[in-house]
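Input: a single structure, listed below in structure tokens.
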Amino acid sequence: MAKRINVGTLISGGGTNLQAIIDACMADSIEDRIDARILFTGSDTPGVKGLDRAQKAGIDTFVVDYAEIIKSCKQGVDPGMLPPDFDMEEILEKQQLISVDPSRGGSAPNSIQMEKIEFFLKSRAIAERKLLDNILSHEIDLLVLAGFMRVLTPYFIDRLNTIEGQYRIMNIHPALLPSFPGTDGYGDTFRYGCRIGGCTVHFVDYGEDTGPIIGQKAFEIEAGDTLDDVKKKGLEKEWELYPACIQKFAESVC
Ligand code: GRF
């Protein structure tokens, strides 16, 4: 058995993955239990069921209301609203979420597109600073994104991944990466007509769903399955995969 690692979690919704991780941390039998404890659950949306799940398990919770922050940024981003250590040039150079550099195969954005990109990065950094203010008051080994439906910019990632070459943020994606990155993995898998679907746990890097893969699980899509069937089969696999990947991480660091 490894030493217990300290885990922080971020969610956006129902939190069934969070529940699977809570259950695995608290399991009575040693075979089912993982060597992790959850220190907090943060959400980008107030009032979601995942927050209730955390509170029932005695886990500290917090909310950083992304929708409110983005709405207030639309009135104008005053430089005083930005984190003091925010550096647009550095973030633009590092990020791989949006193509801005023709030398890296993308086309150069025009000034209107550039304004939108900068607005995106500034508003997210304002929200991410608030996440960090909550997160960094805890000593965590690993941050687990359990259905957290926001991309993270290098501003946030660099403040968690402080040791070169060591990833500390994990995500679960509802498709067999590198196929079907983005927000609707099961939908994209189903609409493509795939006969196999799956889920992937990976580390978070500067791209969208591009970081190193930790584990995957697959399931068959039968003739006659609906999108709801695919989502149900997928989620059941996610609940097995995520705790197993956290355990793998715990064993690798202890
Ligand atoms: C899961 O399918 C996960 O892969 C995706 O969002 C969903 C979250 O479900 N990123 P839940 O909130 O854990 O129930």
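The values are calculated or read from the model by the stated rules, or taken from the named source; none is laboratory data. Predicted model only: the values in this text are computed from it and were never measured. Cβ placement follows ideal geometry from the backbone for every residue including glycine, while neighbour counts extend to all protein chains displayed.
Tell me, which residue of the stretch 131-150 that is under 19 Å from residue 210 (Cα atoms) and surrounded by 19 or more Cβ atoms within 10 Å (Cβ to Cβ) is nearest to the ligand (Cβ to nearest atom)?
147
List every residue pair whose Cβ atoms lie under 9 Å apart, where the two residues are 6 or more positions apart in sequence or sit on different chains, the first residue falls within the stretch 161-172 and is charged (D, E, K, R), and the second residue, located anywhere, is within 16 Å of the ligand (Cβ to nearest atom).
Matching pairs, first to second residue: 168/143; 168/203; 168/204.
Do any residues in the stretch 212-237 that are under 11 Å from residue 176 (Cβ atoms) and touching a residue at least 60 places away in the same chain (Cβ under 8 Å) have Cβ atoms under 7 Å from those of residues that are among the hydroxyl-bearing types (Ser, Thr, Tyr) and outside any strand (DSSP E or B), where the two are at least six apart or on different chains, and which pairs are they?
Filtered contacts from the stretch 212-237: 234/186.
Among the residues of the stretch 162-174, which ones are within 22 Å of residue 38 (Cα to Cα) and either modelled with pLDDT of 95 or more or among the aromatic types (Phe, Trp, Tyr) (or both)?
Matches in the stretch 162-174: 167, 168, 169, 170, 171, 172, 173.
Looking only at the stretch 81-112, which residues are modelled with pLDDT of 85 or more and either loosely packed, with under 11 Cβ neighbours inside 10 Å or part of a loop (DSSP other than H, G, I, E, B) (or both)?
82, 83, 84, 85, 86, 87, 89, 95
Are there any pairs with C-beta distances below 8 angstrom linking a residue in the stretch 49-65 that is more than 14 Å from the ligand (Cβ to nearest atom) and of a type in the set (D, E, K, R) to a residue that is assigned to a loop (DSSP other than H, G, I, E, B) and modelled with pLDDT of 95 or more, with the two at least 6 apart or on different chains, and if so which?
From the stretch 49-65, the pairs are 65/44; 65/45; 65/46.
How many residues are within 11 Å of the chain's Cα centre (by Cα) and within 28 Å of residue 119 (Cβ to Cβ) if we restrict to the stretch 158-193?
Our first condition is that a residue be within 11 Å of the chain's Cα centre (by Cα); within the stretch 158-193, this holds for 169-173.
Now drop any that are not within 28 Å of residue 119 (Cβ to Cβ), which leaves 169, 171, 173.
Residues flagged as within 11 Å of the chain's Cα centre (by Cα) and within 28 Å of residue 119 (Cβ to Cβ) within the stretch 158-193 amount to 3.
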